[in-house]
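First the structure, in the form of structure tokens, and then the observations on it.
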Amino acid sequence: MRVDVHNHVMPESALRMLREDPTYGVTLDGRRWTGGLHVDFEIVPSFVEPGPKLAELASKGLEAAVVSVAPPLFYYHLDAELAGEPMARAVNRGLAEFCAEAPDRLRWLATVPMQDPQRAVAVLEDAVEAGCVGVEIGTSVDGRRLDEPAFGPFWAAAERLQLPVTLHPAYCERIPALAPYYLENVLGFPFETTIAIERLIISGVLDRHPDLRIVLVHGGGYLPYQAGRLRHARAVRPELAHAPSDPSAYRDRLYFDIVTHDPAALTYLIEWAGADRVVMGTDLPFDMATPEPMRLLEAAASGPAVEAVAERNPAALYGFPVG
């Protein structure tokens with residue numbers, strides 16, 4: 001079964017909260033999203049309905065998906081008790097209901113109010129009881145970084161619960177040069193992923209939690225292509241004297257989706273990480289999604305590698321049957 005592990009949903013339970021509560025700062029005109037921390041966009045049917053979601057997957061040569069909430073619904077910048085936790089619980093409830101329509105083909109990642117790590121743990125534990133198979137979090141928590149000690153309880157819980165953690169770019173650093181031309185997404189998103197994972201490695205979070213499994217979207221950002229630079233800096237810079245000597249040594253703790261939009265880049269990623277560490281992903285139904293994911297994969301790899309990326313690896317992470 002070919003499984004997409006980077007696929008977004010916006011549950012009706014969450015959209016209802018946006019319509020009813022101005023705290024979230026979003027206007028929904030029909031299916032048009034305006035406001036919040038995202039550019040305006042259309043909420044197409046595959047964001048909210050299982051039938052169109054499965055049809056969209058089939059049109060891409062895929063059969064199943066692990067769905068996660070769209071990052072505009074993280075709401076880490078709002079009060080956790082009054083807005084963050086209620087939204088996370090509404091999202092998780094909606095994702096569970098969405099996937100219940102096709103449980104053999106749809107599974108879901110929880111979202112949690114990361115601005116309050118203790119609340120995040122409680123929401124995550126409840127999501128496990130409701131059937132989540134992993135958790136998706138932002139690369140930044142409204143400017144706070146995931147390696148900060150305050151987030152230790154979350155990482156301990158994810159490890160204890162044996163949940164893969166997907167890092168998705170969110171709350172990107174404001175760099176004026178990225179403001180025009182949609183570059184905050186085009187360049188900023190991969191940069192955010194790189195910052196997050198390199199800090200988790202450097203700070204020792206991955207060493208303190210050796211059973212964590214991390215999924216990096218958008219091909220892992222720049223890590224696969226610039227890990228050597230960090231390794232060199234570790235050898236020559238006193239600021240990194242206590243960091244692990246080689247970030248590449250953590251490849252067997254990480255998974256990378258295929259959203260590179262370039263066969264040569266994906267070929268290198270598979271060679272660098274190993275075919276057993278790369279997973280099918282699309283970013284559907286956003287407009288930055290890979291338009292022909294199987295064609296991209298088959299242009300970059302062949303034979304057993306294609307099977308591993310599209311079927312075997314997602315099955316190992318999220319419990320889908322192989323074949």
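The values are calculated or read from the model by the stated rules, or taken from the named source; none is laboratory data. Model, not experiment: these values are computed from the prediction. Counting neighbours? That spans all protein chains shown, and the Cβs are built from the backbone with ideal geometry, glycine included. Please note that ligands, DNA and RNA were not included when accessible areas were found on the heavy atoms of the full protein model with its side chains. Shrake-Rupley method; radii C 1.70, N 1.55, O 1.52, S 1.80 Å.
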Margin query: Considering only segment 286-296, I want to know if a residue exists there that is open to solvent by less than 50 Å² (accessible area, probe 1.4 Å) and of a type in the set (Val, Ile, Thr).
Written below: yes
Next item on the list: Assess whether residue 93 counts as being of a type in the set (Lys, Arg), farther than 21 Å from residue 6 by Cα, open to solvent by 30 Å² or more (accessible area, probe 1.4 Å) and in a helix (DSSP H, G or I).
Entry: no
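Anything in segment 278-323 that is among the small types (Gly, Ala, Ser), assigned to a loop (DSSP other than H, G, I, E, B) and under 19 Å from the mean Cα position of the chain (by Cα)? List them, or say none.
Across segment 278-323, the qualifying residues are 281, 289, 319.
Quick grid of which residues meet (1) of a type in the set (Asp, Glu); (2) more than 26 Å from residue 105 (Cα to Cα); (3) open to solvent by less than 10 Å² (accessible area, probe 1.4 Å):
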site: 242; (1), (2), (3): no, yes, no
site: 257; (1), (2), (3): yes, no, yes
site: 260; (1), (2), (3): no, no, no
site: 265; (1), (2), (3): no, yes, no
site: 272; (1), (2), (3): no, yes, no
site: 276; (1), (2), (3): yes, no, no
site: 298; (1), (2), (3): yes, no, no
site: 304; (1), (2), (3): no, no, no
Next item on the list: Please determine, by comparing only the residues of segment 244-255 that are assigned to a loop (DSSP other than H, G, I, E, B) and free of Cβ contacts under 8 Å to residues at least 40 places away in the same chain, which one is least open to solvent (accessible area, probe 1.4 Å).
Entry: 246
Checklist line | Given (1) surrounded by fewer than 13 Cβ atoms within 10 Å (Cβ to Cβ); (2) touching a Ser or Thr at 6+ places or on another chain (Cβ under 9 Å), index of the condition residue 236 fails | finding: (2)
